[in-house]
1. In a GNM of the chain with a 10 Å cut-off on Cα contacts, which of N139, N55, N102 has the highest mean-square fluctuation?
2. What list of ³J(HN,Hα) values in whole Hz, one per residue of the range 272-287 in order, does the Karplus curve 6.51 cos²θ - 1.76 cosθ + 1.60 (θ = phi - 60°) give from phi, with Gly and Pro shown as x?
3. Could you pull out every Cys in the chain that lacks a partner Cys with its beta carbon under 4.7 Å away?
4. Where in the chain lies the longest segment free of trypsin sites (Lys or Arg not before Pro) that are both loop residues by DSSP (not H, G, I, E, B) and have at most 11 other Cβ atoms within 10 Å?
5. With axes computed from alpha carbons, what is the tilt in degrees of helix 257-268 against the longest principal axis of the chain, rounded to the nearest 10 within 0 to 90?
6. So what are the three principal axis dimensions of the range 31-181 from its Cα atoms, in whole Å, longest to shortest?
7. Net charge around L43, counting only other residues with Cβ within less than 13 Å of its Cβ (Lys, Arg = +1; Asp, Glu = -1)?
8. Obtain the radius of gyration and the Kirkwood radius of the range 206-286 from its C-alpha atoms and give Rg over Rh.
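The numbers here are math on the coordinates, done by the rules we state, and not lab data. Predicted model, so just to flag it, every value in this text is computed and none were measured. Positions of Cβ are generated from backbone atoms using ideal geometry, with glycine treated the same way; all protein chains shown enter the neighbour counts.
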Amino acid sequence: MTTDNFVFDAALASFEQDVILKSKEVPVLVDFWAEWCGPCKALGPILEKLASEFNGGFLLAKVDVDKEQQLAGYFQVKSIPTVMLLKDGQIVDGFPGALPENQLREFLKHHGVEAREALPEPAEEMAPKAIDPELEVANLRAAIHAEPDKDELKLDLMLALLKTGGFAEAEKILDSLPANLAIDDRAIKAKARLGFAAIVKDAPPASILEQAIASDPGDCRARHYLGVRYLLEDKSEAGLEQFLEMLKRDKGFEDGLPRKTLIDAFRIIEDGDLVGQYRRKMASLLF
């Protein structure tokens, strides 16, 4: 493997997948830097050298704060360079400023980060066991081409597209389904998911929203996004809790968005007891 495998540019849109989730497999150092920063130019090459030397013992995620201002803001980066170490999906340590190489080595050693002889390659063995959403979409397209009149295949394609972020095409398929499939429970749920997915299309990942709320519990926008993300992950109660907290803090936020979102969520959650419980909680706050 080359250094490029261990060093990459991190962005807000893919931060949860590329950094937070990846840190559950291998430690990730996040380097917040900028082109105009002198100390950053001194620190960066040392970090990249160590990333190459450690051969996958840790990954180095580079965040250009000028290009990723929102991401730097969520992590409350006050000065650069700033380095943070993530393990198991959590920030475990970090430091501001440019440390010399010997102190960087001590920092890594202190957190049990060690060089690897070679990266394990279990992915190829595991891949056949997992369903690749993109492959599923391709297979369904082929099946529809072979049997264009089989509408149930189109419903399956719509559901597969939702997994890959193909919301626009999924919506077109939903609109074209015959009446008998349009009222199918899967189609109804898919329509609701499309609506919620559109809300968080460009929103930060859940982990960053959680950090934003921890820093500012009154951030209703972050709570709205986080609640919707929870719903899309089938964490219904966690999502309702975020919407209810919005209602407690600011009933009039964005023209009554907390109440509207609760009602929309009630329509798609199948747990009747849970819906009844939160309807009562909502009512107690409104009346």
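1. Result for the chain, Cα springs under 10 Å: N102 fluctuates most.
2. x, 5, 5, 4, x, 4, 7, 5, 5, 5, 4, 4, 5, 8, 8, 10
3. So far as the 4.7 Å Cβ criterion goes, C220 stand without a partner in the chain.
4. On the way: sites that count: K78, K201.
With trypsin sites (Lys or Arg not before Pro) excluded where exposed in loops, the chain gives 79-200 as its longest stretch.
5. Its long axis makes an angle of about 70 degrees.
6. Extents along the principal axes: 67, 36, 23 Å.
7. 0
8. On the way: Rg = 11.8 Å, Rh = 12.4 Å.
My calculation puts Rg/Rh at 0.95.
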